[in-house]
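A short write-up of the structure that comes next.
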Amino acid sequence: MGRRKAKDAEAPVTISSITEEEEESIAGYKRSIAEMEKRNRELEERRHKAEIELACLEKAAELIKKGRGISLEGLKNREKALVIDALRKRFRLKELLPVLAIEKSCYCSKAAGTDRHKKLRIAIRRLFEENDGRYGYRRIHHLLEREGMTVSEKVVRRIMRDEGLATAYMRKKRYSSYKGEISPEVPNLLTRDFHADCPGKKLLTDITEFSIPSGKVYLSPLLDCYDGMVVSWSIGTNPSAELANTMLANGIANLGDSCDAIIHSDRGCHYRWPGWIELMERHNLTRSMSKKGCSPDNSACEGFFGRLKNEMFYGRDWKGVSIDDFMSRLDEYIHWYNEKRIKISLGGLSPLEYRLKNKENKSIA
């Protein structure tokens, strides 16, 4: 008996082998479990982030009284700091900062109530509002220097971004007055050289359209390449030959009898009809035209239209505004553009200030 038991103990124990297919199946199950766990973690992270965003929106509406249209992106940094302070017990700071898109250093300064740029911030907002929200950080920087406040452009840009002080910007399809080759071709004499050493030598014109709920309004200006001044302009509800000819007649009167300017335009029909040509020839003015469909040939005038619409037209609600009221506001803007709107290229002066300054310098010399 003892010998038989010893032999039984020495006999090997056999285990049924696992096939390759079963091994692959087990590995597949493990991969599926890992993917499901990863997916669950991602869903949990997204759920938690959505919970934080909802909590931030609710707290912002409660604290700042912004109403139903509130958005986290539109909050100012000091408002974001208030929301974070109110939610610190519920969520971690490192979770709140990215949701509200604010740097930790900025939050800490706002939360501590130490704003070393407080006076500057007030001045920037005042200048921005005084100019009807039309100035970016560069022009605001020039105005601050005029008031004796020394600060870098970067600081002004950052404060304006924090305060949500941004000019409206939009681009829409432009009005075209091209009606085909209705008169002989005129050469491009400027060849995109919009520099002029003295007033009244190179002038640009075009027509642009404004569409508001009350109807459409058209502007025909005459710009001086010397300083960008709008020498004359006409505003109407019809882009007719009369609109362009009235502007030209007023421009000739403002320029004086000694005018021998080049007047550059696109190939629009207004500048190819007999009335326009007769006015130009009678006053010894030289015609110049862009190539067909080539807006860069008149880019300086196009740039004026872009600035005008960004600063005065786009981003504003024109419902309930009559055509006459709109034309009055457009006329006021052009007066402001000539007399008060500063240009970086003119050393922070308006076209009128620049022209008067140069006239004084010449009289002294």
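The values are calculated or read from the model by the stated rules, or taken from the named source; none is laboratory data. Keep in mind that what you see is a predicted model, and the values were worked out from it rather than measured. Protein only, heavy atoms only, side chains kept; ligands, DNA and RNA dropped before computing areas. Shrake-Rupley method; radii C 1.70, N 1.55, O 1.52, S 1.80 Å.
Values as computed for the structure displayed
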item	result
Stretchable slack from Cys106 to Ala166, in nm (0.36 nm times residue separation minus alpha-carbon distance)	19.6 nm
Dimensionless Rg over Rh [the chain; C-alpha; Kirkwood]	1.30
If the convex hull is drawn through the Cα atoms of the range 200-347, its volume per residue in Å³	114
Accessible area per residue in Å² at 1.4 Å probe, computed on the range 286-365	51
Accessible surface ranking that places the most exposed of Ile235, Ile207 first, with a 1.4 angstrom probe	Ile235, Ile207
Amide hydrogen neighbours beyond the local backbone of Lys340, cut-off 5 Å, H modeled	none
Antiparallel bridge percentage (DSSP; both residues within the chain; nearest 5)	70
Accessible area of Cys56 in the full protein assembly, 1.4 Å probe (Å², nearest 10)	0
Rg(Cα)/(2.2 N^0.38 Å) for the range 18-166, N = residue count	1.60
Karplus-derived 3J(HN,Hα), 6.51/-1.76/1.60, for each residue of the range 279-286, Hz, glycine and proline x	4, 4, 5, 5, 9, 6, 9, 9
Ratio Rg/Rh [Cα only; Rh per Kirkwood] for the range 205-266	1.01
The chain, helix-only ellipticity at 222 nm - DSSP H runs n ≥ 4, -39,500 (n - 2.57), divided by all residues, nearest 500	-16000 deg cm²/dmol
Helix 137-146 axis, angle to the chain major axis (alpha carbon atoms, nearest 10°)	60
Rel. contact order, % - alpha carbon contacts under 8 angstrom, at least six apart, the chain	13
Heavy atoms of His195 accessible to a 1.4 Å probe, total area in Å² rounded to 10	110
In sequence order, calculated HN-Hα J values of the range 48-56 (Karplus, 6.51, -1.76, 1.60; Hz; x Gly/Pro)	5, 5, 4, 5, 5, 4, 5, 4, 5
The chain: angle of helix 299-308 to the longest principal axis, Cα-based, in degrees nearest 10	70
Degrees, to the nearest 10: 323-339 long Cα axis against longest axis of the chain	80
Solvent exposure, largest accessible area first (probe 1.4 Å, DNA, RNA and ligands not counted), of Trp233, Trp273	Trp273, Trp233
The chain - percent of accessible surface contributed by carbon and sulfur, probe 1.4 Å	51
Those aspartates and glutamates that a straight Cα-Cα span of less than 20 Å connects to Lys59, excepting residues fewer than 8 apart in one chain	Glu51, Glu73, Glu79, Asp85, Glu95, Glu103, Asp162, Glu163
